[in-house]
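Each remark here refers to the structure printed beneath this line.
The values are calculated or read from the model by the stated rules, or taken from the named source; none is laboratory data. Only a predicted model underlies this, so the values are computations on that prediction, with no experimental measurement involved. Backbone-built Cβ (ideal geometry, glycine too); neighbour counts: all protein chains shown.
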Amino acid sequence: MLVKKEEQLLIPYIPGKLKVFVQGTVLYQATCQMWRHKGYPLVDNLMDADIICYTGGEDISPALYKERKLEYTYPNIFRDNQDRQCYHNTVGNAYQVGLCRGGQLLNVLNDGRLWQDVDGHHFGTHPVYDVKTNVWKNVNTLHHQGIRPTIDATILTWAQVSSTKIADKETWSRGDIKIPHKSNSDSVVNVNEVDIEACWYEKTGSLCVQWHPEFSHAESTNYFFELLEDCLHYEKV
């Protein structure tokens, strides 16, 4: 049952009981298996879901954040439109959760932007810093674009892997001096100097995750669900 409080729709959190709709065909089976394994029931009807999960896949079109497409970017416009429609039909009534491409999409739909090409994230695993606990975790990585959140985002996790990031009319290299960006987190995070691995938009209930918890890497999966359940507890009613 949805509860309205301070002009926000909040969903009571019951571990393992919220119903999930998986949006996207790329990595669909692996994503469904991940949710089932953690005890979350899947639904076929979009409007029955408490959580909408957007899967990984192709690049996001820079047109969605009003930038020029660079040579590194290969968007799927048809999929962008499908996912956007799903988001607009459900935001405010269900939590929005994005994995890799899905996290990038949700960041853009919350008025964020993307680095169109970053290095250091094309395969393997790397350490990430959990802002809340000040603990380093280890997650997988398989992407070449990166999240550039707005000031409305709470930064949950970051890494320092990329040495170069490229956007329309902007290139960043490690060592550049940027103005620190204060998030809704308790600490100041310079979103240019670090690689944003996970962020949370409280207003829309959107969790953006850059790695692939649906892959067979237990630490990546377990850490994703730690973040998810922590965000949902934040709005527990």
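Observations on the structure shown:
- Restricting Cys32, Cys53 to residues that are farther than 30 Å from Ala167 by Cα and of a type outside the set (D, E, K, R) narrows the list to Cys32.
- Hits in the range 63-80 - residues which are under 13 Å from Leu105 (Cβ atoms) and touching an Asp or Glu at 6+ places or on another chain (Cβ under 6 Å): Pro75, Asn76
- Residue that is surrounded by the fewest Cβ atoms within 10 Å (Cβ to Cβ) [pool: residues in the range 117-142 that are hydroxyl-bearing (Ser, Thr, Tyr) and over 18 Å from Lys165 (Cβ atoms)]: Thr133
- Residues in the range 124-146 that are farther than 21 Å from Gly57 by Cα and part of a loop (DSSP other than H, G, I, E, B): Val131, Lys132, Thr133, Asn134.
- Residue ID - surrounded by the fewest Cβ atoms within 10 Å (Cβ to Cβ), chosen from residues in the range 39-66 that are closer than 16 Å to Asn81 by Cβ and free of Cβ contacts under 8 Å to residues at least 40 places away in the same chain: Ala63
- Residue match in the range 14-32 (condition: crowded, with 17+ Cβ neighbours inside 10 Å, modelled with pLDDT under 95, outside any strand (DSSP E or B) and in contact with a helix residue (DSSP H, G or I) (Cβ under 6 Å, 6 or more places away or on another chain)): no
- If only residues of the range 88-101 that are closer than 20 Å to Asp48 by Cβ, touching a Ser or Thr at 6+ places or on another chain (Cβ under 9 Å) and of a type outside the set (A, V, I, L, M) are counted, the one that is surrounded by the fewest Cβ atoms within 10 Å (Cβ to Cβ) is Gly92.
- Qualifying residue in the range 143-157 (condition: of a type in the set (Gly, Ala, Ser), crowded, with 16+ Cβ neighbours inside 10 Å and free of Cβ contacts under 8 Å to residues at least 40 places away in the same chain): no
- Residues of the range 51-102 satisfying the condition of being within 20 Å of Pro41 (Cα to Cα) and part of a strand (DSSP E or B): Ile51, Ile52, Cys53, Tyr54, Val91, Ala94, Tyr95, Gln96, Val97, Gly98, Leu99
- Restricting Gln85, Gln104 to those that are modelled with pLDDT of 95 or more, surrounded by 21 or more Cβ atoms within 10 Å (Cβ to Cβ), under 19 Å from the mean Cα position of the chain (by Cα) and polar (S, T, N, Q) reduces the list to Gln104.
- Hits in the range 70-79 - residues which are surrounded by 12 or more Cβ atoms within 10 Å (Cβ to Cβ) and touching a strand residue (DSSP E or B) at 6+ places or on another chain (Cβ under 7 Å): Leu70, Tyr72, Thr73, Pro75
- Only a single item in (1) charged (D, E, K, R); (2) modelled with pLDDT under 95; (3) in contact with an Asp or Glu (Cβ under 7 Å, 6 or more places away or on another chain) is not met by Lys38, and it is number (3).
- Top-ranked residue of the range 226-235 - restricted to ones that are out of contact with any Ser or Thr (no Cβ under 8 Å at 6 or more places or on another chain) and crowded, with 17+ Cβ neighbours inside 10 Å, ranked as modelled with the lowest pLDDT: Glu235
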